[in-house]
Structures are given as C-alpha cells and as structure tokens.
Amino acid sequence: MPELPEVETMRRGILSIVGRQIAHAERAACKRRPIAIRPRIDLFRRRVEGKTVTAIERAGKRVVIWLSAIAGKSADTNQLPGTQAIVIEPRMTGLVLLGNPPTQEHLRFRLRFRKTGAATNGRHTHDANEVLFWDRRGLGTVSLLSADEFAAKYGGESKTLGPDALRLSVSELKNRLHSSRRAIKVALLDQRAIAGIGNLYASEILNVAGIHPAARCHRLGREQWNRLHAAIPLVLEEAIRFEGSTLSDGTYRNALNESGGYQNYHRVYDRAGQTCPTCGRGTVRRIVQAQRSTFFCPHCQRR
C-alpha cells in the first residue's frame, strides 16, 4: 500500500505539470470494476477543462492537484467558482503516473494537458502531456473539491486527517497519542491522529526509536516520545530520498513507472529471522497487530 514516502514521491514526480492547462479529463476504458470518481465524469470534465494546474500538494496519503479559477468566467451549474482541488487517493495499489502505465487494463483515469513541449521533473525530461491514475485492485478514488470543501475535509483540525507526520512537533505527537491505551504501532496507523504513517514505516520507525510495537501509548515515558518523534522524519525522509519501497509484488512504481529503492534498506520490515541491523544482536520477529504484520527486534525494542 502506498504510504507517505511513496505518495510524496508520486507528488514530486508530477511537479512538471504545474503551469499546464487541462485539455480533457476522462474515465479510462477499463473492463475491471470502476473506481469512484466524484462528481460523475461528465461534470468533472466540464469543471476542470481549461483550468491551469497551480500546485501539487499532499494531504496525508493523497496527491492533491490544485487548479486555478478561469479569469472572466462566471459560475454556473457546470463550473465551480474559484480554486479547486483534484484529490487522488491511491489506497492499496494505486499509482499516479506521467504516462507509461504498467498495464493498460488497470488504467482508470486520465488528465490530458494542452501541448506546450517537453517538461522536466528534476532528474528526468518527460513529455508531460498527461497524468494517469492506474490501480490494479480498483480501490482508489478521484475527487474534485472546491477549496472550501477541501478545507472542511482535510484542513486544520478535520476529522479525516491529523497533522502531517513530517510536520509534527513532539508536543503534538504526545498530546494526540499519550492518553490512548492502544499499542503504539496500532495508534501510529490512525490517520485521524497522525496523517501519513502506514504499516511498513510504523515498524521501521519503532525500530529506530527502540520502542516495542506492543507498548501501550499511555505507558510511554518522555524519553520514548522524544525518540519516537526523532525517528518519524528520519525514516520517512530517508524513504523519500530512495523514492519509496517497491515490495515483492512489484506494485508500487514512481511517476515514471520505475521501482523505488528503499526496500533495500529496510531494517526490520519483512526481515523476520534475520539479524537486526540496528543493534546487530537480536533476530527480527514477526507478530500480528490489528490484522497487520508487524516486524521488530526483541533485543533493542524491549517491552
């Protein structure tokens, strides 16, 4: 499942579309179960065609494409006034791509741009004339929201998302979780408390912090909270540098349909039976928490 590093890599990978004008939006022909696109595609199309991409942001584990208003165009039933956001939620197997999808049969949604020549996204030059949403399992969603709708759903103290894991202060981290009686690994996955951390990186973060994944939040001390707070950006930014983790199923790919590299640097995730690289003494174990696999070192993550 794409987590914060993978979604942030997707976000950075499509930055070349900023300044491009949308020519067309369409639901791709797909024989698989259709994904949720809101509003329905004919309304969606009418509301975005002619708009210019002004920014690419991330809301937790969602890619957000911000669009400008059209100067001089009056609002009507087919045109939302003002700024809008296309929110793409990859869920389990979704990918946001600059063309070249892994397969055609799982292509779900396409944004085409007016041709203005090749664009660059940092490392690569690419003809960024379209952005695709590809989803093997079809659990992802694409939504068009007004600025007010976006703010109500994802901004500030919304019920949907807590503060972003990369912008979290130690006091926010502690205040949001310290009174919970849940295991810390389970609590870190609660997107309403902290946005962006998923199952894979929760295991990695707790290993770096030296905290047992089954330790109860309300029993953690100040030093443990400090170590946890330091480990969160360390692990997430390291994973972003390597463009995310492509696991054995090969599902995750970056915006140019290339594998990530962080799977080669995992400390504990999917390393059961191997020596823990953090301490060099313990053997990584696997347990199940909230129906998800957790990996940890019983030597350096003592309960």
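Any read-out appearing in this document is the output of simple, stated calculations on the displayed coordinates, not a laboratory observation. Values in this document were obtained by computation on a predicted structure and should not be read as measured data. We place every Cβ from the backbone using ideal geometry, glycine too, and count neighbours over all the protein chains shown.
Computed extension length for Arg303-Phe242: 18.9 nm, one decimal, from 0.36 nm per residue of separation with the Cα-Cα distance subtracted.
For helix 4-13, what angle does its Cα long axis make with the longest principal axis of the chain, in degrees from 0 to 90 and rounded to 10? Approximately 30 degrees, to the nearest 10.
Each 20 Å bin from zero up to the one holding the largest Cα-Cα distance in the chain carries the following percent of pairs: 33, 53, 14, 0.
As a test of the formula, what do you get for the chain when each DSSP H run with n ≥ 4 contributes -39,500 (n - 2.57) and the sum is divided by the residue count, at 222 nm and rounded to the nearest 500 deg cm²/dmol?
Values: 7 runs with 70 residues, N = 303.
So the helix-based figure for the chain works out to -7000 deg cm²/dmol.
Summed over all non-identical Cα pairs, the Kirkwood treatment of region 193-261 gives a radius of 13.4 Å.
Here the 3J(HN,Hα) profile of region 285-294, calculated from phi with Karplus coefficients 6.51, -1.76 and 1.60 at θ = phi - 60°, is 10, 10, 10, 10, 10, 6, 6, 10, 6, 10 Hz, Gly and Pro shown as x.
By the scheme Lys and Arg +1, Asp and Glu -1, what is the net charge of all other residues having a beta-carbon under 13 Å from that of Ala272?
Numbers: positive: Arg267, Arg271, Arg285, Arg286; negative: Asp270.
Overall, the nearby charge balance is +3.
A simple charge model with +1 on the Cβ of Lys and Arg, -1 on the Cβ of Asp and Glu and nothing else charged puts the dipole of region 165-296 at about 700 debye relative to its Cα centre. Ranking of His218, His229 by neighbouring Cβ atoms within 10 Å, starting from the fewest: His218, His229. For the chain, the Cys residues with no second cysteine's beta carbon closer than 4.7 Å are Cys30, Cys217. Counting other Cβ atoms within 10 Å as a rough exposure proxy, the listed residues Phe150, Phe109 run Phe150, Phe109 from fewest neighbours to most.
Nearest 20 debye, what's the magnitude of the dipole of region 141-243 about its Cα centre given +1 on Lys and Arg Cβ and -1 on Asp and Glu Cβ? Rounded to the nearest 20 debye, it is 620 debye. In terms of other Cβ atoms within 10 Å, Met10, Met92 run from fewest to most in the order Met92, Met10. Among Lys115, Lys51, Lys61, the largest mean-square fluctuation in a Gaussian network model of the chain, built with springs joining Cα atoms closer than 10 Å, belongs to Lys115.
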